[in-house]
Amino acid sequence: MRRCGTPHRRTVPAPTRGLRVATPTLTSGSAIGTAVRRASSRAQAESRLAMWLVSPTVLVIGIVVAWPTLVAARQSLFGAPGFNAETGFFETTEPFVGLGNYAAIFTDAGTRFWTAFWNTTFFTVTTVLIETVLGVAMALIMHKAFKGRAFLRASILVPWAIPTAVSALMWRWIFNVDGIANAILPGTVLWSAEGFQAKLAIIIADTWKTAPFVGLLVLAGLQVIPDEVYEAAKIDGANAWRRFRTMTLPLVKPALLIAVLFRMLDALRMFDLPYILIGPRKSSVETLSMLVHDEASNLRFGSASAYALVLFVYVFAIAFAFVGVLGADVMGDSGGRTRRRRRAPAVPPSTEKVS
């Protein structure tokens, strides 16, 4: 019995001798600071190593890209030698005109430049769009298991392996007045004359050559997708279109975007195919590269350099916008834009032996 008013006391058994009890240990601020400093030093060392490894590439790029660009920028500030209307003399040296070559683009003298600019943009958008659709279709066909797949994959490389000049000569023979194209189609079409038919010939020839390139890159992306993903989708009742839209396209998107980027940069610099297939000085198919070549061939190096720099800025802006907007998808890392914070390693709870 216990006395009235006396609180009841519970008896707590003493800990058993030799039992280890886990007690949390607070990490001191100095330990955390040491870990952070070590991580920072390691990151700086990795950055210095990366700079040393990249420096040879940067040096080569500076020699083969930066220096010619600076020389072209300087050359664009001079005009063509010839009769000077202001002085009345014939000048054998190139006169300094400043930004006159660039300003002429926005005058009546720049009509040819803008025609070439829109031709370049039209060929880029049209060919890349058609080649992307055909390339994805070719990749899906080659990804299927069927007899003769190895032969099909090898034969699809033939158009891409043929040099562009040889391909252009072959298509020039096909689109000749008495060529295969006019023999199949009703009537006679002058493919190499001015008009939309010349643009159509360029689009057909370029698509035939470079669509396999897109198909091979997309095929490489398809081969890394595990079959279990499609099997699970089939079990869930997803049809072929839904599997393609919700599974294949998102998983193959990095490879597809890289293929589209490479093709856009290549199409913006198109020169040899329209030059050989249709011919120079054709306003319906003349691109910026063809215009630069024609200006330089006529010893107008100032305007040729100015047009070349404008083309360089145009290509650079397209590439920068493409990678800047879709950079994470191109690199295949959806979380590439998010900066992850470094955390100090967690300290496990220490154990004390209770005696």
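Within region 59-81, residues that are over 12 Å from residue 309 (Cα atoms) and in contact (Cβ under 8 Å) with a residue 12 or more places away in the chain have Cβ atoms under 8 Å from residues that are part of a loop (DSSP other than H, G, I, E, B) and of a type in the set (Ser, Thr, Tyr) in these pairs: 81/92; 81/93, counting only partners at least 6 apart in sequence or on another chain. Residue-level check: of (1) outside any helix (DSSP H, G or I); (2) surrounded by 18 or more Cβ atoms within 10 Å (Cβ to Cβ), residue 225 misses just (2). Consider region 191-215 and keep the residues that are assigned to a helix (DSSP H, G or I) and without any contact (Cβ under 8 Å) to a residue 24 or more places away in the chain. The one that is nearest to residue 269 (Cα to Cα) is 200.
Does region 127-146 contain at least one residue that is over 30 Å from residue 75 (Cβ atoms), in contact with a Leu (Cβ under 9 Å, 6 or more places away or on another chain) and not in a helix (DSSP H, G or I)? Yes, region 127-146 has at least one match. Selection of region 226-259 for residues being touching a Leu at 6+ places or on another chain (Cβ under 9 Å), among the hydrophobic types (A, V, I, L, M, F, W, C) and modelled with pLDDT of 85 or more yields 244, 249, 251, 252, 255, 256, 257, 258, 259. The residues of region 114-148 that are more than 19 Å from the chain's Cα centre (by Cα) and under 30 Å from residue 303 (Cβ atoms), listed by number, are 114, 115, 116, 117, 118, 119. Take residue 31 and decide whether it is out of contact with any Lys or Arg (no Cβ under 9 Å at 6 or more places or on another chain), surrounded by 10 or more Cβ atoms within 10 Å (Cβ to Cβ), more than 30 Å from residue 310 (Cβ to Cβ) and modelled with pLDDT of 85 or more. Criteria not met by residue 31.
Of all residues in region 141-169, those that are of a type in the set (A, V, I, L, M, F, W, C) and surrounded by 15 or more Cβ atoms within 10 Å (Cβ to Cβ) total 4.
Rundown of residues vs (1) at pLDDT below 85; (2) on the phi > 0 side of the Ramachandran plot; (3) assigned to a helix (DSSP H, G or I); (4) not small (Gly, Ala, Ser), yes/no style:
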| position | (1), (2), (3), (4) |
| --- | --- |
| 5 | yes, yes, no, no |
| 54 | no, no, yes, yes |
| 58 | no, no, yes, yes |
| 68 | no, no, yes, yes |
| 85 | yes, no, no, no |
| 102 | no, no, yes, yes |
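Put simply, of 267, 317 the only residue that is in a helix (DSSP H, G or I) and surrounded by 15 or more Cβ atoms within 10 Å (Cβ to Cβ) is 267. If the condition is being of a type in the set (Gly, Ala, Ser), more than 24 Å from residue 255 (Cα to Cα) and modelled with pLDDT of 90 or more, then region 296-355 contributes 296, 297, 302, 303, 304, 305, 306, 308. Restricting 73, 137 to those that are in contact with a Gly (Cβ under 9 Å, 6 or more places away or on another chain) and surrounded by 13 or more Cβ atoms within 10 Å (Cβ to Cβ) reduces the list to 137.
The values are calculated or read from the model by the stated rules, or taken from the named source; none is laboratory data. This is a predicted model, so every value here is computed, not measured. Every residue, glycine as well, gets a Cβ built from its backbone with ideal geometry; the counts of neighbours run over all protein chains shown.
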